[in-house]
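Report on the following structure.
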Amino acid sequence: APSLAGETALNVWHKAQGGHTVTLTATGAATVHVVHVLTGDNVPTGGALAIQVAEGASLTLVEHVVGHPASRGWMNVRVQAEIAANGTLTHTLVQNLPRTSCLTYQADLTVGNTATYTAFTLNMGGALARVERHMDTHTTSHVHMTGLALTDDAQTHDITVRLRHMDEATTSHIHQRNILRGTTSHAVFQGKFYVDPKAQKTDAYMLCASLLLAEGARVSAKPELEIYADDVKCSHGSSTGSLNPDQMFYLAARGVPEAVAKRLLVSAFADELLADVPASAKPLVTAHV
């Protein structure tokens, strides 16, 4: 098993528990589906993926995190990916653990010159689920990340992203949406763009939008910019609200029952992001949503 740089306490502890590393190397065009299964009761489980996408190669990776309905354990997953020049990594993560379990997921990615990283994350299971990504992007590379959290009572879903623009003419787009329907539900978004002094012509955009369907639901959003270049276009935003009463009135005036109207508006809020799900993962994602 190859060593993974940037070891954290979680990963050192995981190795001591006998965690395994799987290496994926793409030299052409490939699609891989990885299923992480939490099997035990109060037993920590997890694995590590070391991903290499060769120059000009393309990898479509679908990760599905699941567990036995009675599992009360902790899933700890580590991913390290390197995308060489002109390479493409299309990554879908679906997290549907039992409500009695928790997930810590960390990915460290290097996006090479003119390479592309596209990701979609669906967070809906677990009592606590933190999905964290750290990315370095290089000349004319592109990152496009979208995510949807479906959060209910006694659940906390956390998306944390730190993206460093290290060279010229890089672009990135991050769009997270949260739907909270439980009175004790909590969604967290922490996003940060770092723009190096060399990273002129950077174009970066970050947005977190949350829909609250219950009194007491909470959202903690912290988008940040740290910019050391002077010829860039960077922006961030965050919005949190409930269903639009004008839209509800519009549908009611046309005879749409209230429950149906709510379902239509919530579906529309999610559907905009589902268009970004790659074809290989769309049946899995839409079945859950």
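The values are calculated or read from the model by the stated rules, or taken from the named source; none is laboratory data. No experiment lies behind these values; they were computed from the predicted model shown. Here the Cβ positions follow ideal geometry from the backbone for every residue, glycine too, while neighbour counts run over all protein chains shown. All accessible areas refer to the heavy atoms of the entire protein, side chains included, with ligands and DNA or RNA removed. Shrake-Rupley method; radii C 1.70, N 1.55, O 1.52, S 1.80 Å.
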Give the number of residues within the range 216-245 that are among the small types (Gly, Ala, Ser) and closer than 27 Å to Thr202 by Cβ.
-> 7
Give the residue that is nearest to Thr146 (Cα to Cα), with candidates limited to residues of the range 261-281 that are open to solvent by 50 Å² or more (accessible area, probe 1.4 Å) and in contact with a helix residue (DSSP H, G or I) (Cβ under 8 Å, 6 or more places away or on another chain).
-> Leu264
When the range 191-249 is examined, which residues are found to be under 19 Å from the mean Cα position of the chain (by Cα), farther than 27 Å from Ser267 by Cα and buried (at least 16 other Cβ atoms within 10 Å of the Cβ)?
-> Lys192, Phe193, Tyr194, Ala204
Those residues of the range 137-151 which are polar (S, T, N, Q) and either at positive phi or not in a loop (DSSP other than H, G, I, E, B) (or both) amount to Thr137, Thr140, Thr146, Thr151
The one condition in (1) hydrophobic (A, V, I, L, M, F, W, C); (2) in contact (Cβ under 8 Å) with a residue 40 or more places away in the chain; (3) more than 24 Å from Met124 (Cβ to Cβ) that Phe189 fails to fulfil = (3)
Any residue in the range 96-117 that is of a type in the set (Lys, Arg), touching a Leu at 6+ places or on another chain (Cβ under 7 Å) and closer than 30 Å to Ser267 by Cβ?
-> no
Only residues that are part of a loop (DSSP other than H, G, I, E, B) and open to solvent by 40 Å² or more (accessible area, probe 1.4 Å): list them for the range 152-168, please.
-> Asp153, Ala154, Glu168
